[in-house]
Every structure is written in C-alpha cells, then in structure tokens.
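So the structure is just underneath, and the comments pick up after that.
Values in this text are rule-based calculations from the coordinates and carry no lab data. This is a predicted model, so every value here is computed, not measured.
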Amino acid sequence: MTTSLFDLTGRLAFVTGSARGIGNALALGLAQAGADVVVHGRDQAVTAEAAARIAEETGVKTHTVCFDVTDAGVVREQVGALIERLGVPDILVNNAGMQHRAPFNEFPAEKWDQVLATNLSSVFYVSQPVTTAMAERGSGKVINIGSAMSALARQTIAPYTASKGGVVMLTKGMAADLARFDIQVNAISPGYFASEMNRDLWSDPEFDGWLKNRTPANRWGKLSELVGAAVFLSSAASSFVSGQNIHVDGGLTSVV
Ligand code: NDP
C-alpha cells in the first residue's frame, strides 16, 4: 500500500536542466521510482550521455530534448514538439537555473535580465504549454525548484533572491489556477548542495565553515536528499497538496 502510493511506474517526467547537478539527481530519483524521464540540457552529446546513464541504471525509458529555456518562442516550439512526440508529461520539474554574483550597485543590467529569464520567466515559458496539455487531460504535477534564497537574502545575489522569491509566488499562483484541472503545483527549495553553480563556495574552506556553522544539520546537503520531496510531490501521495514550498535544507531557513 505504501509502495504503490509513491510508485511512478508508467508516468512520464520532464525535468529541465537534468543533464547535470540537482536536475540530474531528480531525474534519476524519479526514474528509480519508476517514471520514464525526459532529460533536458543545452548540449546534445552531454544530454544524451546523461539520459543513457539513467536508463542503464534504472531500466526505465529515457528521452532527450535540448533547448535554451530563456527564449519564449523556442521553448513553445520545442515543448510543443516534445508533447507531439512523447505525449503529455505527467510530471514537470522546472529546475534549470543560474546564478551571477556581484554587489548590487555593480550588478550589470544584462545579468539581471539573464538571471530573471533563466530562473523565473523560464518557469512560465515551459509550464504554460505543458499545463495547457495537462489541463486538457485533467491531471498533472508541477514542481518548481526554488531556493533557501527565496526566504533569506545574502550579499551579491539580490537578482537571484528576487527570481527565487518569484518562483515561490508563481508556484502559488499557478496552483490556484490549475487546481480545478487536478494539477498540483508545488516548490522545493534546496539549501546548499555542491554543484557547478557553487563550486567556488564548496571549495572555499571559509565559506564551508560558515555554512556548516549556520546550518543546524552542520553539513551540505547530498543531491540524493532532494529526491524524497520530489517523489512525494510527483506521486498520488500528494494529491491534495498544492501551492506549497518544501524547504530541504537541513534546517537552514528555520533558524537565525
Ligand atoms: P548547475 O549549474 O549544476 O545546473 C544548472 C542547470 O540549469 C544545468 O542543467 C543547465 O543546463 C541548466 N540551465 C542553466 N541555464 C539554462 C538555460 N538558459 N537554458 C537551459 N538550461 C539551462 O546548478 P544546480 O544543479 O545547483 O541548480 C539547479 C537548480 O537548483 C537551479 O534552479 C538552482 O537555482 C537551484 N538551487 C541550487 C542550489 C544549490 O545549492 N546547488 C540551492 C538552491 C537552489 P546545461 O547542462 O545545458 O548547462
């Protein structure tokens, strides 16, 4: 009974930015729960390799799609073609994201545009065609990847913080509009997980010490620790959970 509640066999999950990092761990975790997955990236060879690895490790079917999430026209075309090719995804994870750091007064306007387009506008661009198709079918799950920085601010990343705060509120807005189609929309907000995005931070002993001291769990997260929340929010177990934001951060955002 417990197993079937979380079983994703026969579902199709589309995870943006899943050729590496957190997205890759989530795609692998959803595949381990039984879902076929669409692996997305910008580089065809890297994306194909990531998809092949997941298929080999889990035995599910994997597919690939490559496009830049910041171009509304390209996204519409590519997501439309994806739905025509594979059918309507049951699960959409909006994970693709980036960060740029600079003091606020020196933050280049074009970097502001890039951060907002990659982290926030892309969620709108990718979700709209997918949830339109989900609504026609009458079911679906959307997970938007927020951040601990949707709840806390830090120096040099004001645009990132604004984008992730936006993701959390967009999640609530989408949930409000889409609930009537039996589509649940929720966010997962990771604390600190070592990836390419923060390579300079985890390789810096001073930051590493600060973070461990600041985090009640006293450590960085492991990528696999994000999977439980993603499987829960993708499965029948969360059929009445919508508009929520689950912090997976070792307690970081619950203490000062
Ligand atoms: P990575 O830098 O390792 O991965 C970023 C992913 O986003 C890559 O797959 C990349 O694709 C994709 N991406 C970036 N820009 C674009 C674009 N313009 N078009 C298409 N794809 C794009 O970072 P993480 O794995 O750490 O980050 C994943 C998500 O998790 C992000 O939304 C991030 O903000 C969030 N997050 C991460 C935390 C952490 O501690 N690592 C903490 C909180 C949130 P490609 O492979 O083609 O480059």
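Our note on the geometry: Cα centres of the stretch 181-256 and the stretch 96-145, 18 Å apart.
So what's the back-of-envelope 222 nm ellipticity for the chain, counting only DSSP H runs of four-plus at -39500 (n - 2.57) apiece and dividing by all residues, rounded to 500?
On the way: 10 runs with 114 residues, N = 256.
It comes out at -13500 deg cm²/dmol, rounded to the nearest 500.
Taking all Cα pairs closer than 8 Å and separated by 6 or more residues, the relative contact order of the stretch 22-153 comes to 23 percent.
Summarised in one figure, the compactness ratio Rg/Rh of the stretch 109-256, Cα atoms and Kirkwood Rh, is 1.00. Compactness check for the chain: Cα Rg over 2.2 N^0.38 Å is 0.97. Subtracting the Cα-Cα distance of residue 204 and residue 6 from their residue separation scaled by 0.36 nm leaves 67.5 nm.
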